[in-house]
1. Could I have the simple spin-label model distance between residue 257 and residue 121, label points 7 Å from Cα toward Cβ, reported in nm to one decimal?
2. Among 203/230; 53/103; 74/144; 103/213, which pairs are too far apart, with a Cα-Cα distance over 31 Å?
3. If one computes the Cα centroid of segment 103-152 and of segment 176-231, what distance in Å separates the two points?
4. Quote the relative contact order of the chain in percent (integer), defining contacts as alpha-carbon pairs under 8 Å separated by 6+ residues.
5. Residue separation times 0.36 nm, minus the C-alpha to C-alpha distance between residue 79 and residue 49: what's the value?
6. Amide H of residue 44: which non-local residues (sequence gap of 5 or more, or other chain) have their own amide H closer than 5 Å, using H built in the peptide plane?
7. Compute the distance in nm between two label points, each set 7 Å from the Cα along the Cα-to-Cβ direction, one at residue 215 and one at residue 189.
8. Of all DSSP beta bridges located in the chain, what percent are antiparallel, nearest 5?
Amino acid sequence: MKQYKAVIYGASVKGIGIAMQLPEQTLVVEKTSLAAREFVSALVPGEGSWEAKTEPGKGLEARYRQKGILTEGKPIQIAAAAPVMFETIRDAQIRVLFGTDLKVCRADGKNIVTCYNDSGIFQVCAEHIYDWEQEAAEKPEYGKYINALLYCDDPSRIIEWENRRGGIRVLEYAHPDMKLFCYPLDREDDWIAAREKLHSFWKNRPGRLAPWKIASVASAFAWLKETGEKGELLQPLYGNLLGAFESGVELGKQWKEEVKI
């Protein structure tokens, strides 16, 4: 049975940061075909201010700025974020299994990870397991949301919405004719319940939202906490994509310093 220092469940931004520090000893298992889905699929741009502190973080920030995906003071363009993460995976030679799911059990003090996909089933042994969704769900200050991107061909039609009303937020996005709509959920809500709640509200939405249309609905849940003076804003784990990446880089350094397999 092949042994790894770490198995990362989900090609999350923090997970990729971890793997950059020990790519040969890390296996990333992603059930979809997308990297960074906690931002991209969940429609979560995060904070607009980026200030890299690690060398890998500076490299990632430079890539986003060079491609015009990131501009100062504005949220990142979500749809364009994934290709840079794929480039990072490729250049760091991180081993990622897309379209793969897993189950973890403990045996003899070790993590036995069973991976399964269209090619079959196999097992590996891991010293560390990291799952971004589990990390977020275990923090009580983070709520569960389903997000959507709103569009209006006349951006002068400003949305007058008192954020926090019913827990709903309407937030700024990278483009002036688009907004980010965040609808709060109960933690036990599944995808059927989440979509029913979102579309039921939107069908009967207040007149001030009438000129705006839903352009896209998230395909992954967002885990966000209230920020701002009155809790009117929402923030993902580590603030934004760069913060998540650098948190992974630092954790990967810690694991790298441990006794190697």
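1. That separation, rounded to one decimal, is 4.0 nm.
2. Details: 203/230 28 Å; 53/103 35 Å; 74/144 24 Å; 103/213 40 Å.
Among 203/230; 53/103; 74/144; 103/213, the Cα-Cα distance tops 31 Å for 53/103; 103/213.
3. 24 Å
4. Relative contact order here is 29 percent.
5. 9.0 nm
6. none
7. 2.3 nm
8. Numbers: 37 of 51 bridges.
Here the share of antiparallel DSSP bridges comes out near 75 percent.
Bear in mind these aren't lab numbers, they're just calculated from the coordinates by the rules spelled out. Quick caveat, the model's predicted, so the values are computed rather than measured. With ideal geometry, Cβ positions are generated from the backbone for all residues, glycine too; neighbour counts draw on all protein chains shown.
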